[in-house]
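Heads up: the structure comes next, in structure tokens.
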Amino acid sequence: MTRSSEPTMSAESIDEVTEPTGDGSGLGEQNAASRTTTEGTIHDITSEWGEILEDASGDDKVVINFGPSHPSSHGVLRLALEMDGETITQARPVVGYLHTGIEKNCEYRTWTQGTTFVTRMDYLAPLHNATAYCMAVEKLLGIEIPRRAQLIRVLLLEIDRIGSHLTTLGAGAMEMGALTGMTISMREREEVLHLEEHLTGLRMNHAFIRPGGVAQDLPEDYDGVVKKFIAVLDKRLPQFDQLLTGQPIWRNRLAGVGYLPVDACLALGVTGPILRSAGLAWDLRVVEPYLGYDEFEFEVPTSNAADSFARYLLRVEEMHQSLRIIRQCLAKLEPGPVMVEDPKIAWPAQLSIGPDGMGNSLEHVRKIMGQSMESLIHHFKLVTEGFVVPAGQAYVPVESPRGELGYHLVSDGGTRPMRVHVREPSFVNLQSLPAMSEGALIADAIAALGSIDPVMGGCDR
Amino acid sequence: MTPEQLREDLLGWFGPAATAEIGHGQLTVDVEPDAWLDALTHARDALDCAFFDWLTAVDELDAGIRIVAHVYSPSRRHGLLLRTMLPAADPALPSAVGVYLGANWHERETHEMFGVRFDGHPNLIPLLLPDSFDGNPLRKDFVLASRVAKQWPGEVDPGQSVGDLRPKRRRNLPPGVPDPATWGPDASSASGP
């Protein structure tokens with residue numbers, strides 16, 4: 001094609017497009033009817049839109065894919081929603097995007113190394129995972145951990161519960177559009193993570209709780225730091241009541257939404273705040289006390305509303321109760337060992353905190369390197385091969401922020417687990433989403449999902 | 001009921017087909033696969049175990065695939081671990097979804113992870129694994145190759161060959177992992193393909 005012929009071609013095509021077909025307005029009559037008024041031409045687009053709507057809103061149902069990466073999907077969760085107009089007729093959660101094979105990986109590691117894996121599942125309640133896992137290992141070993149280790153675990157669990165509930169409220173508030181609720185929750189959660197870092201050395205993925213006790217003792221100034229934390233939260237937790245509890249939008253979005261009665265909860269295996277919101281005061285800390293929870297005074301808040309708003313209120317109240325337990329914990333803590341004394345299980349180093357903030361007892365290193373070849377061999381074998389757990393099976397549940405979190409461990413008498421099965425509350429509770437959201441609007445499904453509070457890392461494992 | 005009373009009740013009901021033991025304060029009842037649904041129904045109706053806790057499987061190598069389910073009674077505060085053993089070659093069991101709705105996802109997970117078929121399940125498709133995934137990852141014959149074959153901590157010095165790092169004595173392998181002489185990088189060529 002020659003260069004000179006191009007303008008001719010273009011002019012022709014423009015003519016075709018702009019050729020007037022009706023009243024000369026440039027818009028074809030086939031697109032929209034229009035009438036001329038003194039103010040100008042008015043195009044009537046509603047008639048056509050009505051036809052489109054009629055076509056679309058007949059008996060045909062529309063399937064909407066929601067997620068897996070959506071700001072309101074509460075994690076990497078995908079929902080396949082079948083819609084009849086604005087109403088959800090069928091909801092199907094699609095999970096597995098965060099499946100990492102942790103249960104399988106645990107079979108290839110020693111019993112102690114398992115704690116590293118399990119803290120990475122439910123990343124909002126890592127200490128609960130580590131505790132349940134270690135308690136199951138301890139049950140198989142038939143050992144009782146020292147009292148101070150028990151109290152340290154309780155202290156950490158309750159701090160963890162507060163952190164988890166704060167994140168739940170934050171994520172739930174953000175999904176509802178209450179962004180300030182999110183920002184204050186996250187600010188408070190940062191306090192929790194700072195405290196956990198101070199007490200255990202890490203903000204997340206602690207692996208601080210080990211079979212036989214805890215990895216090391218609390219830092220010397222723990223008492224003051226925890227008390228400061230309590231004072232901060234005592235002041236700030238009421239902010240949720242001021243900002244959200246009485247707020248009409250928050251209340252209207254959540255009240256009466258995500259209804260699940262108690263018999264449905266039991267048949268589906270749903271636990272935690274959802275079950276308690278349906279009226280059953282089911283909290284494993286009370287009904288099957290572990291770690292000496294029966295010594296503590298606290299209340300298990302319940303409600304009969306069985307809706308998302310009730311679950312929100314329960315979570316706020318549970319944080320206050322956790323602070324109560326933490327206070328009692330500080331009063332009960334007395335000096336003592338934090339690990340069982342069995343040399344076949346506990347790592348031999350009686351760790352002292354060095355200037356680097358980590359336990360690295362020079363005295364111990366000097367002893368095993370210079371004086372006792374036998375302890376060196378023993379230390380090496382215990383760390384690389386791990387200890388032997390007698391053959392058997394054990395199931396230990398604890399009350400995690402999301403409900404019953406249990407570990408079913410099977411040992412064949414070796415240094416590695418034969419099977420690690422996690423009864424994950426997120427996994428089980430998520431099964432109730434169809435029951436909560438079918439027949440409701442998408443906006444209600446989001447509210448219900450936020451009140452279930454699934455942590456997908458735990459659900460998919 | 002205490003685990004002991006529960007044990008008597010169950011043994012009386014099942015007769016010789018079941019065995020029961022109490023370990024770590026937990027009642028465990030073993031039944032034949034044929035009696036699986038009957039046992040769950042009995043637990044739900046006669047023992048008030050309305051709460052379905054969980055269901056999973058354990059690959060016990062030559063013994064077969066063991067299915068484990070935990071049910072609990074919140075009103076009477078007792079629970080039991082119900083187990084049954086299936087052959088590893090073609091494990092199949094009637095689905096418990098009709099008895100406990102909550103068994104749905106647990107059975108789907110057990111199906112994809114262990115290859116157990118749950119007859120009568122309404123929707124037995126993969127749950128956590130992608131559709132294209134091949135194999136049943138929690139079976140012992142599904143070896144996590146990277147964890148077994150790879151040397152740890154790897155090559156420490158430049159120029160050092162992997163052969164120098166081989167441990168002098170046989171390593172303690174996880175259950176179900178084949179002997180390194182017949183499988184993996186050390187397998188003799190005679191037994192390889």
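Determine if the stretch B:97-111 includes at least one residue that is more than 22 Å from A:His99 (Cβ to Cβ), more than 14 Å from chain A (Cβ to nearest Cβ) and either touching a Lys or Arg at 6+ places or on another chain (Cβ under 8 Å) or touching a residue at least 24 places away in the same chain (Cβ under 8 Å) (or both). For the stretch B:97-111, residues more than 22 Å from A:His99 (Cβ to Cβ), more than 14 Å from chain A (Cβ to nearest Cβ) and either touching a Lys or Arg at 6+ places or on another chain (Cβ under 8 Å) or touching a residue at least 24 places away in the same chain (Cβ under 8 Å) (or both): absent. May I ask you to say which residue of A:Ala231, A:Ala171, A:Ala255 is more than 26 Å from A:Met339 (Cα to Cα) and free of Cβ contacts under 8 Å to residues at least 40 places away in the same chain? One residue alone meets the criteria, A:Ala231.
Checking the stated criteria, A:Arg189 turns out to be touching a Ser or Thr at 6+ places or on another chain (Cβ under 6 Å), surrounded by fewer than 22 Cβ atoms within 10 Å (Cβ to Cβ) and within 23 Å of A:Val225 (Cα to Cα). Only one of the listed residues (B:Asp141, B:Asp90, B:Asp131) is under 24 Å from B:Ala39 (Cα atoms), more than 9 Å from chain A (Cβ to nearest Cβ) and at pLDDT below 90. That residue is B:Asp90.
Residues that are within 22 Å of the chain's Cα centre (by Cα), surrounded by fewer than 20 Cβ atoms within 10 Å (Cβ to Cβ), of a type in the set (S, T, N, Q) and modelled with pLDDT of 90 or more are absent from the stretch A:205-212.
Would you please name the residue that is farthest from the chain's Cα centre (by Cα), looking only at residues in the stretch A:62-96 that are small (Gly, Ala, Ser) and within 16 Å of A:Ile452 (Cβ to Cβ)?
A:Ala91
Conditions (1) within 30 Å of A:Asn65 (Cα to Cα); (2) of a type in the set (Lys, Arg); (3) assigned to a helix (DSSP H, G or I), marked per residue:
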residue: A:Ile88; (1), (2), (3): yes, no, no
residue: A:Thr110; (1), (2), (3): no, no, no
residue: A:Leu127; (1), (2), (3): no, no, yes
residue: A:Arg161; (1), (2), (3): no, yes, yes
residue: A:His165; (1), (2), (3): yes, no, yes
residue: A:His194; (1), (2), (3): no, no, yes
residue: A:Glu197; (1), (2), (3): no, no, yes
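Of the residues contained in the stretch A:349-359, one or more are found to be at pLDDT below 85, hydrophobic (A, V, I, L, M, F, W, C) and touching a helix residue (DSSP H, G or I) at 6+ places or on another chain (Cβ under 7 Å).
Consider the stretch A:131-173. How many of its residues are touching a Cys at 6+ places or on another chain (Cβ under 9 Å) and among the acidic types (Asp, Glu)? First the steps, then the outcome.
Within the stretch A:131-173, the first condition is being touching a Cys at 6+ places or on another chain (Cβ under 9 Å), and the residues that meet it are A:133, A:145, A:151-155, A:158.
Add one more test, that the residue is among the acidic types (Asp, Glu), and what stays is A:158.
So the count comes out to 1.
Scanning the stretch B:87-135 for residues that are part of a loop (DSSP other than H, G, I, E, B) and of a type in the set (Val, Ile, Thr), we see that the one that is farthest from the chain's Cα centre (by Cα) is B:Val99.
Of all residues in the stretch B:3-42, count the ones that are among the β-branched types (Val, Ile, Thr) and within 14 Å of chain A (Cβ to nearest Cβ). Qualifying residue count for the region: 4. In the set A:Met121, A:Met176, only one residue is at negative phi and surrounded by fewer than 24 Cβ atoms within 10 Å (Cβ to Cβ); that residue is A:Met176. List pairs: first in the stretch A:297-311 and free of Cβ contacts under 8 Å to residues at least 24 places away in the same chain, second among the basic types (Lys, Arg), Cβ under 9 Å, 6+ apart or cross-chain? Cβ pairs passing all conditions: A:Glu299/A:Arg324.
When A:Gly272 is tested against (1) within 23 Å of the chain's Cα centre (by Cα); (2) within 22 Å of A:Ala178 (Cβ to Cβ), exactly one condition is not met: (2). Does the stretch B:1-55 hold any residues that are in a strand (DSSP E or B) and touching a Ser or Thr at 6+ places or on another chain (Cβ under 6 Å), and which are they? Of everything in the stretch B:1-55, those that are in a strand (DSSP E or B) and touching a Ser or Thr at 6+ places or on another chain (Cβ under 6 Å) turn out to be B:Glu21, B:Asp30, B:Val31. Limited to the stretch B:43-69, what total is found for residues that are buried (at least 19 other Cβ atoms within 10 Å of the Cβ), more than 13 Å from the chain's Cα centre (by Cα) and either without any contact (Cβ under 8 Å) to a residue 40 or more places away in the chain or facing chain A (nearest Cβ under 10 Å) (or both)? Residues meeting the conditions: 7.
Among the listed residues A:Asp234, A:Asp294, A:Asp241, A:Asp263, which satisfies the condition of being outside any loop (DSSP other than H, G, I, E, B) and within 14 Å of chain B (Cβ to nearest Cβ)?
Numbers: A:Asp234 fails: within 14 Å of chain B (Cβ to nearest Cβ); A:Asp294 fails: within 14 Å of chain B (Cβ to nearest Cβ); A:Asp241 fails: within 14 Å of chain B (Cβ to nearest Cβ).
Of the residues listed, the single one that is outside any loop (DSSP other than H, G, I, E, B) and within 14 Å of chain B (Cβ to nearest Cβ) is A:Asp263.
Selection of the stretch A:364-391 for residues being crowded, with 18+ Cβ neighbours inside 10 Å and within 10 Å of another protein chain (Cβ to nearest Cβ) yields only A:Gly386. Here A:Gly142, A:Gly114 are screened, and the one residue that is surrounded by fewer than 23 Cβ atoms within 10 Å (Cβ to Cβ) and over 24 Å from A:Ala331 (Cα atoms) is A:Gly142. Can you report the number of residues in the stretch A:266-285 which are in a helix (DSSP H, G or I), touching a Leu at 6+ places or on another chain (Cβ under 8 Å) and away from chain B (no Cβ under 11 Å)? The qualifying residues number 4.
Restricting attention to the stretch B:70-121, and to residues there that are within 14 Å of A:Arg423 (Cβ to Cβ) and among the small types (Gly, Ala, Ser), which single residue is surrounded by the fewest Cβ atoms within 10 Å (Cβ to Cβ)? Ranking the qualifying residues of the stretch B:70-121, first place goes to B:Gly79.
The numbered conditions (1) within 23 Å of A:Glu144 (Cβ to Cβ); (2) at pLDDT below 90; (3) more than 25 Å from the chain's Cα centre (by Cα) are all true for A:Phe296 except (2).
The values are calculated or read from the model by the stated rules, or taken from the named source; none is laboratory data. Owing to the predicted nature of the structure, the values given are computational and were not obtained by experimental measurement. Using ideal geometry, Cβ is built from the backbone for each residue, glycine included, and neighbour counts are taken over all protein chains shown.
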